[in-house]
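Structure record follows, encoded as structure tokens.
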Amino acid sequence: MAPPSKYMTLKHLLIGEVKQIGLQFHSDNFIERMVKTLPGITWSDAYSMYYIPNRKENLNLIFETFKGIAWVNSNHFFSNKPINTSNEKPDISWYRNREIKQGIRSCPEEYLLKLELKRYSASTVKTYVYFFETFLNLYPETDLQSFDENDIREFLQKLVQEGKSNSYINQAVNAIKFYFEVVLGMPNRFYSIERPRKEKKLPTVISKQDVSNMINSISNLKHKCIVSLLYASGLRLNELLNLKIKDIDSSRMIIFVRAGKGNRDRYTILGESILTDLREYYKIYEPKDYLFEGASGGKYTHTSVQMTVKRAAKNARILKKVTPHTLRHSFATHLLENGTDLRYIQSLLGHSSSTTTEIYTHVAVNTFDSIKSPLDSLHLE
């Protein structure tokens, strides 16, 4: 028996505050006649598809009806994606215990619970809560279940009019979709919401001399190790803060990066020149668990690292805005300029796609070494 050539995708819909199964398929008279035999089937002008109440028996009936007739894509209804257990459970007690001003809407508890369950990073939690609460408070009288695509588009249009970047707007979309698609378990609830194109900005890179000046300007040993390690190993800020003492393998000169971006573990290099400082730092500060800890224990804070980098850049008289991620960009660019294969750089950075790593070819100085400015060929008096 030949496999079916027709295709149908099942979609999550919310119509009149009731969950529905949307049946999306290309125009086909035979499929449409079969769809109309389903009990309780209804057409939606808003979604341009038929739908049926979201019940287990209806889902089974769809499979039985179209068995051998059409492929039924039900990926949105059956997810086997494992929960990440390598990240630590984020501490979001602050969000629950903070004082909320009268009349201000806050994230529902189920939103916070799902963020905990998914073990999102602290920065992601902060971003999602901020954007979802901003969205909620634009519509103080609207019930959560009553929101539709037009409300979201109106909110996004407001952000555009305020001059927000595409990246900012995409984060807002992610935070809103997280509630309706993850918390409520409707993976493609707002599949028709358009996202702005991702901006293709070149990374900010500083020279080797600038990095050297930054490190030499730091007198505090702990701060010196932080800045040095960000550059020497190409770490993201979160990855640096999550480093534990046991992750430093000085015998193999590598660092184990646990649950980096995308929850991927990887190894990166440990610079020989930083090892002496790290050993001295360990003797003086005696960290217990994390490599860099606060005065009262626990992980060092994002703000502390950001201020350390900013202060070092200022003391080094660097005019560019320098952040922890600037040091990561500089790590990658300088490796490329030294002739390191792009595939190795991709692995060290933890990029899932080589396309992401290739952006450094646009800022590497040696890319332009063989190119002379046309001005230099002119005979000027």
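The values are calculated or read from the model by the stated rules, or taken from the named source; none is laboratory data. A quick note: this is a predicted structure, and the numbers were derived from the prediction, not measured. Note that we place each Cβ from the backbone using ideal geometry, even for glycine, and neighbour counts take in every protein chain shown.
Quick check: is even one residue across region 222-229 in the same structural domain as His325 (by TED's automatic domain parsing) and loosely packed, with under 15 Cβ neighbours inside 10 Å?
Taking every residue of region 222-229 in turn, none turns out to be in the same structural domain as His325 (by TED's automatic domain parsing) and loosely packed, with under 15 Cβ neighbours inside 10 Å.
Taking region 47-63 as the range and being exposed (fewer than 11 other Cβ atoms within 10 Å of the Cβ) and under 34 Å from the mean Cα position of the chain (by Cα) as the test, the residues that pass are Ser48, Lys56.
So that you can scan it fast, the table gives a plain yes or no per residue for (1) over 16 Å from Thr326 (Cα atoms); (2) modelled with pLDDT under 95; (3) over 28 Å from the mean Cα position of the chain (by Cα); (4) surrounded by fewer than 20 Cβ atoms within 10 Å (Cβ to Cβ):
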site	(1), (2), (3), (4)
Ser192	yes, yes, no, yes
Leu202	no, yes, no, yes
Ser219	yes, no, yes, yes
Asp265	yes, yes, no, yes
Glu272	yes, yes, yes, yes
Leu275	yes, yes, yes, yes
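If I ask for residues that are outside any helix (DSSP H, G or I) and either without any contact (Cβ under 8 Å) to a residue 12 or more places away in the chain or surrounded by fewer than 19 Cβ atoms within 10 Å (Cβ to Cβ) (or both), which ones from region 122-150 would you list? Hits for region 122-150 are Asn137, Leu138, Tyr139, Pro140, Glu141, Thr142, Asp143, Asp148. I'd like to know if region 280-297 contains one or more residues that are out of contact with any Leu (no Cβ under 7 Å at 6 or more places or on another chain), under 15 Å from Leu243 (Cα atoms) and either assigned to a helix (DSSP H, G or I) or outside the structural domain of Ile245 (by TED's automatic domain parsing) (or both). Scanning region 280-297 turns up at least one residue that is out of contact with any Leu (no Cβ under 7 Å at 6 or more places or on another chain), under 15 Å from Leu243 (Cα atoms) and either assigned to a helix (DSSP H, G or I) or outside the structural domain of Ile245 (by TED's automatic domain parsing) (or both). Of the residues making up region 96-121, those that are surrounded by 12 or more Cβ atoms within 10 Å (Cβ to Cβ), of a type in the set (A, V, I, L, M) and out of contact with any Lys or Arg (no Cβ under 7 Å at 6 or more places or on another chain) number 3. For region 14-24, filtering for residues that are hydrophobic (A, V, I, L, M, F, W, C) and buried (at least 21 other Cβ atoms within 10 Å of the Cβ) leaves 2. A single entry from Phe78, Phe66 fulfils the requirement of being farther than 22 Å from Thr301 by Cβ, modelled with pLDDT of 85 or more and not assigned by TED's automatic domain parsing to the domain that holds Arg258: Phe66.
Contact map, region 337-355: first residue touching a residue at least 40 places away in the same chain (Cβ under 8 Å), second residue assigned to a loop (DSSP other than H, G, I, E, B) and surrounded by fewer than 13 Cβ atoms within 10 Å (Cβ to Cβ), Cβ cut-off under 9 Å, separation 6 or more or different chains; pairs are Gly350/Asp265. Here Ser304, Ser251, Ser273 are screened, and the one residue that is over 22 Å from Val211 (Cα atoms) and either of a type in the set (Ser, Thr, Tyr) or not assigned by TED's automatic domain parsing to the domain that holds Ile226 (or both) is Ser251.
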